[in-house]
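**Q** One structure is given below, represented as structure tokens, and several questions about it will come after.
The values are calculated or read from the model by the stated rules, or taken from the named source; none is laboratory data. These numbers were taken from a predicted model, which means no experiment stands behind them. Note that each Cβ is placed from the backbone with ideal geometry, even for glycine, and that neighbours are counted across all protein chains shown.
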């Protein structure tokens, strides 16, 4: 009888299961990831206030060792290395965030239309998507850089074009599975319009997937922007960028190895932080690797 009273206890019955956010943040690796991402976002937003010197200011002789005035020394032409390191992820994050946002919005709209409407809409959207995805990514990026240039807006457009096809395929696949569910069929029988069904019945069930997709693609885009800068196809001087700093460090890697190590650590910590965060929330939202 005691067990029955405990089972019917209103206090026990009112206990709610943890939310998905709480489930994700209960994992130590997710908390580490969120902390790393938060640090990088803070530095990206407030780099001009945090950095001790201007990123382009030539302050002393080049390649001076660490000192009380310049904690990490200066680069080849005398700019404070700590200031440039702090600001090095700012442009890559901004370009990646803008480009991925456009890619997610465009890819979601096209994926919803292709997955739900089917017919010629699906054929046109998927043929365009398949055409873009058939081009090797580096070749596509090189063509787009030659077409649009290497300024910040051009790089954002390039990121959007590169990541839109993948978003279309992911959203289309999820839309196809959702469109077959009973509540969508019920909405169709009630005579709701296609736009209403997409916005009210299907799109809300994509939020978890889209949130994880944004993080995954921002992580990938930051890495690609840095790789482009390293190859000379991305951000150029005097704008600080981790990929560009790694490229410059190759000339002095044997005499001043920290010029190579520090931006590599900064870039790696951002990518690892995003990946830990994505993994935790993907598990909380029951998303398999095939969904990403």
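**Q** One residue is enough: does segment 28-48 have a residue meeting the conditions out of contact with any strand residue (DSSP E or B) (no Cβ under 6 Å at 6 or more places or on another chain), at pLDDT 75 or above and not in a helix (DSSP H, G or I)?
**A** Checking segment 28-48: not a single residue is out of contact with any strand residue (DSSP E or B) (no Cβ under 6 Å at 6 or more places or on another chain), at pLDDT 75 or above and not in a helix (DSSP H, G or I).
**Q** How about segment 213-241: which of its residues are in contact with a helix residue (DSSP H, G or I) (Cβ under 8 Å, 6 or more places away or on another chain) and closer than 16 Å to residue 79 by Cα?
**A** Within segment 213-241, 236, 237, 239, 240, 241 qualify.
**Q** Please state which one of 210, 260, 244 is in contact with a helix residue (DSSP H, G or I) (Cβ under 9 Å, 6 or more places away or on another chain), closer than 18 Å to residue 115 by Cα and part of a helix (DSSP H, G or I).
**A** Answer to the check: 210.
**Q** Take the residues in segment 93-118 that are out of contact with any helix residue (DSSP H, G or I) (no Cβ under 8 Å at 6 or more places or on another chain) and part of a helix (DSSP H, G or I), then tell me which one is surrounded by the fewest Cβ atoms within 10 Å (Cβ to Cβ).
**A** 105
**Q** Could you say whether any residue in segment 276-287 is outside any helix (DSSP H, G or I), in contact (Cβ under 8 Å) with a residue 12 or more places away in the chain and crowded, with 20+ Cβ neighbours inside 10 Å?
**A** No, every residue in segment 276-287 fails to be outside any helix (DSSP H, G or I), in contact (Cβ under 8 Å) with a residue 12 or more places away in the chain and crowded, with 20+ Cβ neighbours inside 10 Å.
**Q** If you don't mind, there's one more thing I want to ask. Looking at 188, 201, which one is more than 24 Å from residue 97 (Cα to Cα) and surrounded by fewer than 19 Cβ atoms within 10 Å (Cβ to Cβ)?
**A** 188
**Q** If you don't mind, another one. Would you mention how many residues in segment 130-152 are part of a helix (DSSP H, G or I) and either closer than 15 Å to residue 229 by Cα or in contact with a strand residue (DSSP E or B) (Cβ under 8 Å, 6 or more places away or on another chain) (or both)?
**A** 7
**Q** Hey, residue 208 hits all of (1) under 16 Å from the mean Cα position of the chain (by Cα); (2) crowded, with 18+ Cβ neighbours inside 10 Å; (3) touching a residue at least 60 places away in the same chain (Cβ under 8 Å) but one; which does it fall short on?
**A** Residue 208 satisfies all of (1) under 16 Å from the mean Cα position of the chain (by Cα); (2) crowded, with 18+ Cβ neighbours inside 10 Å; (3) touching a residue at least 60 places away in the same chain (Cβ under 8 Å) except (2).
**Q** Then there's this: Is it the case, given these coordinates, that residue 173 is in contact with a helix residue (DSSP H, G or I) (Cβ under 8 Å, 6 or more places away or on another chain), assigned to a helix (DSSP H, G or I) and either exposed (fewer than 13 other Cβ atoms within 10 Å of the Cβ) or without any contact (Cβ under 8 Å) to a residue 12 or more places away in the chain (or both)?
**A** no
**Q** I've got another one for you. Name the residues in segment 16-47 that are buried (at least 17 other Cβ atoms within 10 Å of the Cβ) and closer than 16 Å to residue 97 by Cα, would you?
**A** Within segment 16-47, 37, 40, 43, 44 meet the criteria.
**Q** Same structure again: Sort out which residues of segment 49-81 are free of Cβ contacts under 8 Å to residues at least 60 places away in the same chain, in contact with a strand residue (DSSP E or B) (Cβ under 7 Å, 6 or more places away or on another chain) and part of a loop (DSSP other than H, G, I, E, B), and write them in order of number.
**A** Passing the criteria: 52, 53, 57, 59, 60, 62, 64, 70, 77, 78.
**Q** Scan segment 232-272 for residues that are over 27 Å from residue 33 (Cβ atoms) and surrounded by fewer than 15 Cβ atoms within 10 Å (Cβ to Cβ) and jot them down.
**A** Residues satisfying the conditions are 232, 236, 237, 238, 250, 251, 253, 254, 255, 257.
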